1. Given the whole protein assembly as supplied and a 1.4 Å probe, what does the accessible area of Tyr187 come to in Å², nearest 10?
2. Taking the Cα-to-Cβ direction at Glu117 and at Leu37 and moving 7 Å from each Cα, how far apart do the two end points lie in nm?
3. Compute the length gained on full extension between Arg155 and Leu77: take 0.36 nm times their separation in residues and subtract their Cα-Cα distance, giving the result in nm to one decimal.
4. Whole-Hz ³J(HN,Hα) for each residue in the range 74-86, computed from phi via Karplus 6.51 cos²θ - 1.76 cosθ + 1.60 with θ = phi - 60°, x for glycine and proline: what do you get?
5. Taking K and R as +1 and D and E as -1, what net charge do the other residues with C-beta under 13 Å from the C-beta of Val156 add up to?
Amino acid sequence: MPTTRSFLAPSRGDFLFARLLVIVVALALTIGAVATLWPSGPLEFTASLQDPGPAYAAGATAPGASATYAPEVVWTLTDPSIGERLLAGLPALFLLVVGLVAAWLVWKLISAAQSGEPFTRTTVRYSRALAALVLIGAAIWPFLLMGVQFALVTRVQSEPSVLMWFTGFDFLPIVIGALLVILTEVYARGLDLRDDVEGLV
């Protein structure tokens, strides 16, 4: 008796689109890293300052509202050294390495799903590696940005004054990584139960 294909079941075109998306993301990360490290042109970086910016009198401002400039400054090094360019490019290189490894793991998971047998010990290892990569990368990322920013400011100011803080957005990738870890462990537990059932039959 023929079976009907579910409307939500991924098609061959869906898998092709997913692979193209992985390729586009990997290329974008590579181009971004190369552009940051390109050995020509000025180097710009943004630093957050402790001193608040001046008040800003916006037109047609509602009563009781005020605005100030964000305490940030954009530094431009017209002739940066190789060390300064490498230092500024550390976040891009970090994203490149994490992104390429994640892209490879996602590619493997797509291949497993397309093969029709995604629930294997190998895919569990790939899923665990991807979850750990996202979680660890998300935990390192804000500290890496703050460290690079401070190191660059010390090269342009004898007495640097830098403000470092966390925002709610900084914790979003950590939450995503934690959810991936939980889903992967649920997936692994389901695979263990299936193996137990098959062993009893």
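The values are calculated or read from the model by the stated rules, or taken from the named source; none is laboratory data. What you are looking at is a predicted structure, and each value in this text was computed from that prediction instead of being measured. With ideal geometry, Cβ positions are generated from the backbone for all residues, glycine too; neighbour counts draw on all protein chains shown. Ligands, DNA and RNA are excluded from the accessible area calculation, which covers all protein heavy atoms including side chains. Shrake-Rupley method; radii C 1.70, N 1.55, O 1.52, S 1.80 Å.
1. My reading of the accessible area for Tyr187 is about 50 Å².
2. 4.0
3. That pair, Arg155 and Leu77, stretches by 27.1 nm at full extension.
4. 9, 8, 10, 9, 6, 9, x, 7, 5, x, 5, 5, 5
5. Result for the local shell: -3.
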